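J.: This is the structure I have questions about; it appears just below.
Only the coordinates and a few stated rules stand behind these numbers; no lab work does. Predicted, not measured: the structure shown is a model, and the values here were computed from it. Please note: Cβ atoms are built from the backbone with ideal geometry, for glycine as well, and neighbour counts cover all protein chains shown.
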Amino acid sequence: MDQQMKTGGCRFLRALQSDDYHYFTSFDTKLDENRDILERTLPGVRQRRDALEEELRNLNKQLESNPEYAEIRSLQRELEMLTEKNARLQAEAESFEKETNYEPIKAEVKRLRALYNEHLVAAASGRK
């Protein structure tokens, strides 16, 4: 029985390997075709990329030479700094507000004073 399983299993593996071989060779052929296509298109794509990079450099030079653009960039940096400073001051103000907010303490003192007064009145009326 074991010998039959081994023999049958080997035949199955050989058949599977044969099918896999055809699958992978066709897949390999397709990959080779795709590589050839990509290698043919690569020089044109690189030229287009180089042309776009050159155009970008020229546009950046034009922008840098424009005095209005320089002023806008300066104002943007100033706005960013002021926004950051505003956020820091806001956080500092909130922190200070928490430190100096005596309203909860004031409410607790009033409650305790009223309770104390009630005890005094109760004690005084108990003595009379």
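J.: How large is ³J(HN,Hα), in whole Hz, for each residue of the range 43-52 in order, when computed from phi with the Karplus curve 6.51 cos²θ - 1.76 cosθ + 1.60 and θ = phi - 60°, using x for Gly and Pro?
T.: Per-residue couplings from phi come out as x, x, 5, 5, 4, 4, 4, 4, 5, 5 Hz.
J.: Given R₀ = 30 Å, FRET efficiency for residue 71-residue 46 by Cβ-Cβ distance, to 0.05? Mind showing how you got there, number by number?
T.: Values: r = 38 Å, r/R0 = 1.25.
After rounding, the FRET efficiency stands at 0.20.
J.: Only loop residues by DSSP count here, and only those with at most 13 other Cβ atoms within 10 Å; note down the chymotrypsin sites (Phe, Trp or Tyr not before Pro) in the range 55-128 that meet that.
T.: Answer by residue number: 102.
J.: Pulled fully out, how much extra length does the chain show between residue 35 and residue 62, if you take 0.36 nm times their separation in residues and subtract their Cα-Cα distance? If you can, show how the numbers build up before the last one.
T.: Numbers: separation 27, 0.36 × 27 = 9.72 nm, distance 3.98 nm.
Stretched fully, the residue 35-residue 62 segment lengthens by 5.7 nm.
J.: Residue by residue through the range 86-91, which ³J(HN,Hα) values in whole Hz follow from phi under the Karplus form 6.51 cos²θ - 1.76 cosθ + 1.60 (θ = phi - 60°), with glycine and proline marked x?
T.: For the range 86-91, the Karplus-derived couplings read 4, 5, 5, 5, 4, 5 Hz, x marking Gly and Pro.
J.: OK, next. What whole-number distance in Å separates the alpha-carbon centres of the range 69-98 and the range 107-123?
T.: So the separation of the two Cα centres works out to 48 Å.
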